[in-house]
Ligand code: FES
Ligand code: FES
């Protein structure tokens with residue numbers, strides 16, 4: 001089938017198999033940030049935005065994206081750059097394989113809810129699995145980023161400093 005969509009702001013036309021998944025399509029078009037983790041819709045590593053809504057590209061047929069807009073981390077760098085440094089600073093990534101999916105979902109969360117509570121963060125990102133860490137670093141990084149925004153006069157009424165237990169609690173809920 002022929003397909004036409006906008007990938008990271010660029011119009012792409014291609015001829016694809018009907019059963020091709022969006023994950024394979026975006027990687028075929030050099031969006032290598034999108035990772036194949038479980039390939040069964042369970043880990044969140046393959047998350048991309050479809051018309052601004054995060055979807056699991058491993059279980060989204062590319063036909064569903066026909067005529068629509070797809071954004072991967074490659075197309076979200078401006079928004080993502082704002083908090084990527086906080087992730088590194090907290091040592092939140094080890095192998096880094098889960099990072100792109102986590103970051104795309106975080107961009108989606110902050111667009112939808114610029115001032116999330118701890119519970120809202122945990123719930124929104126619960127589908128993003130990380131095999132290396134206890135999630136504490138990611139959560140702390142996101143909270144520190146929000147705290148920083150607060151200092152510069154933006155939103156964040158839920159500023160808080162995290163302890164070890166929060167990371168464990170998040171992991172248990174997330175897995
Ligand atoms: S690779 Fe898509 S959810 Fe795991
Ligand atoms: S840092 Fe390795 S899977 Fe998350």
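Just so you know, all these numbers are worked out from the coordinates, no wet-lab data involved. The model shown is predicted, which means the values in this text are computed figures rather than measured ones. In this analysis, Cβ positions are derived from the backbone assuming ideal geometry, glycine residues included, and neighbour counts consider all displayed protein chains.
Per residue of the chain, what 222 nm ellipticity follows from adding -39500 (n - 2.57) for every DSSP H run with n ≥ 4, rounded to the nearest 500?
For the chain, the value works out to -12000 deg cm²/dmol.
Based only on Cα atoms, what Rg/Rh ratio does segment 2-74 have, Rh being taken as Kirkwood's radius?
Radius of gyration over Kirkwood radius for segment 2-74 works out to 0.91.
Please report the antiparallel percentage of DSSP beta bridges with both residues in segment 6-100, rounded to the nearest 5.
On the way: 9 of 11 bridges.
Antiparallel: roughly 80 percent of the beta bridges in segment 6-100.
Helix 136-151 versus the longest principal axis of the chain: what is the Cα-based angle in degrees, 0 to 90, to the nearest 10?
So the inclination is approximately 80 degrees.
Take each of the peptides 143-150, 56-63, 14-21, average the number of other beta-carbon atoms within 10 Å over its residues, and list them starting from the highest. List each step's numbers first, then the result.
Working: 143-150: 18.6, 56-63: 21.0, 14-21: 13.1.
Packing proxy ranking, top to bottom: 56-63, 143-150, 14-21.
What angle do you read, to the nearest 10 degrees and between 0 and 90, between the alpha-carbon axis of helix 164-174 and the longest principal axis of the chain?
The answer is roughly 30 degrees.
Could you give the length gained by full extension between residue 4 and residue 28, i.e. 0.36 nm per residue of separation minus their alpha carbon distance, to one decimal place?
On the way: separation 24, 0.36 × 24 = 8.64 nm, distance 1.42 nm.
Taking residue 4 through residue 28 to full extension adds about 7.2 nm, to one decimal.
Which one, 31, 130, 95, has the greatest fluctuation when you compute a Gaussian network model over the chain with C-alpha springs under 10 angstrom?
Largest GNM mean-square fluctuation: 95.
Set the Förster radius R0 to 22 Å, insert the Cβ-Cβ distance between residue 14 and residue 112 as r into 1/(1 + (r/R0)^6), and round the FRET efficiency to 0.05. Intermediate values should be presented prior to the final figure.
Numbers: r = 30 Å, r/R0 = 1.38.
Once rounded, the FRET efficiency stands at 0.15.
For the chain, with a Gaussian network of springs between Cα atoms less than 10 Å apart, report the residue from 128, 105, 66 with the top mean-square fluctuation.
66
Rank 140, 36, 68 by mean-square fluctuation in a GNM of the chain with C-alpha springs under 10 angstrom and give only the top-ranked residue.
Checking each option, the largest mean-square fluctuation is seen for 68.
To the nearest 10 degrees, how steep is helix 99-112 against the longest Cα principal axis of the chain, on a 0 to 90 scale?
80 degrees
Measuring from centroid to centroid over Cα atoms, what is the spacing of segment 53-80 and segment 99-154 in Å?
That distance is 19 Å.
Taking Cα pairs under 8 Å and at least six residues apart, what relative contact order does the chain come out at, in percent?
Relative contact order of the chain: 20 percent.
For the chain, what is the percent of antiparallel DSSP beta bridges, rounded to the nearest 5?
Values: 13 of 15 bridges.
The antiparallel proportion sits near 85 percent.
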